[in-house]
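The values are calculated or read from the model by the stated rules, or taken from the named source; none is laboratory data. Bear in mind that the values here come from a model prediction, so they are computed numbers and not experimental data. No Cβ is skipped: glycine too gets one built from the backbone with ideal geometry, and neighbour counts run over all protein chains shown. To get the accessible areas, we keep the full protein, side chains included, count just its heavy atoms, and leave off ligands, DNA and RNA. Shrake-Rupley method; radii C 1.70, N 1.55, O 1.52, S 1.80 Å.
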Amino acid sequence: MKNKIIVYTSNTCTFCVNAKNLLSDLKLSFKEINIQLDPKQRDIMLSSSNGQRTVPQIFINDHHIGGYAELSQLVKNGEYKSFLLND
């Protein structure tokens, strides 16, 4: 099974770039959804993230991780692996 990772981003977001780089460094593929280029996706992001308005908002296999700070903490502790599907 393939992991489903979604990163909601905007055009000028340093934390978004950091999150995407971190996922890439981990060799994890992800789908980026830019809410500035596709504003309808903002509503989907808001409902999926319990109203979190900041970007990035990161989801791994339908689990809301949070933003870059939360992702980097999960990676630092090795806890991100618990959200991944075993191939």
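Is there a residue being on the phi < 0 side of the Ramachandran plot, among the aliphatic types (A, V, I, L, M) and open to solvent by 80 Å² or more (accessible area, probe 1.4 Å) anywhere in the range 37-44?
Pass one, the range 37-44, residues on the phi < 0 side of the Ramachandran plot: 37-44.
Add one more test, that the residue is among the aliphatic types (A, V, I, L, M), and what stays is 37, 44.
Checking which are open to solvent by 80 Å² or more (accessible area, probe 1.4 Å) leaves us with 37.
Within the range 37-44, one or more residues are on the phi < 0 side of the Ramachandran plot, among the aliphatic types (A, V, I, L, M) and open to solvent by 80 Å² or more (accessible area, probe 1.4 Å).
Looking at the range 15-33, I want the residues that are in contact (Cβ under 8 Å) with a residue 24 or more places away in the chain and have a partner that is open to solvent by less than 70 Å² (accessible area, probe 1.4 Å) and of a type in the set (Lys, Arg) with Cβ atoms under 8 Å, at least 6 apart or on another chain. Which pairs are those?
Listed by first residue and then by second, the contacts come to Phe30/Lys20; Glu32/Lys20.
Looking at Lys31, Lys27, Lys2, can you tell me which residue is under 11 Å from the mean Cα position of the chain (by Cα), open to solvent by 80 Å² or more (accessible area, probe 1.4 Å) and among the basic types (Lys, Arg)?
Lys31
Got a sec? Which of Val17, Val7 is open to solvent by 50 Å² or more (accessible area, probe 1.4 Å), hydrophobic (A, V, I, L, M, F, W, C) and under 12 Å from the mean Cα position of the chain (by Cα)? Walk me through how you get there before you give the answer.
Values: Val7 fails: open to solvent by 50 Å² or more (accessible area, probe 1.4 Å).
Answer to the check: Val17.
Conditions first: (1) open to solvent by 40 Å² or more (accessible area, probe 1.4 Å); (2) β-branched (Val, Ile, Thr); (3) touching a residue at least 24 places away in the same chain (Cβ under 8 Å). Ile58 passes all but one, so which condition is the exception?
(1)
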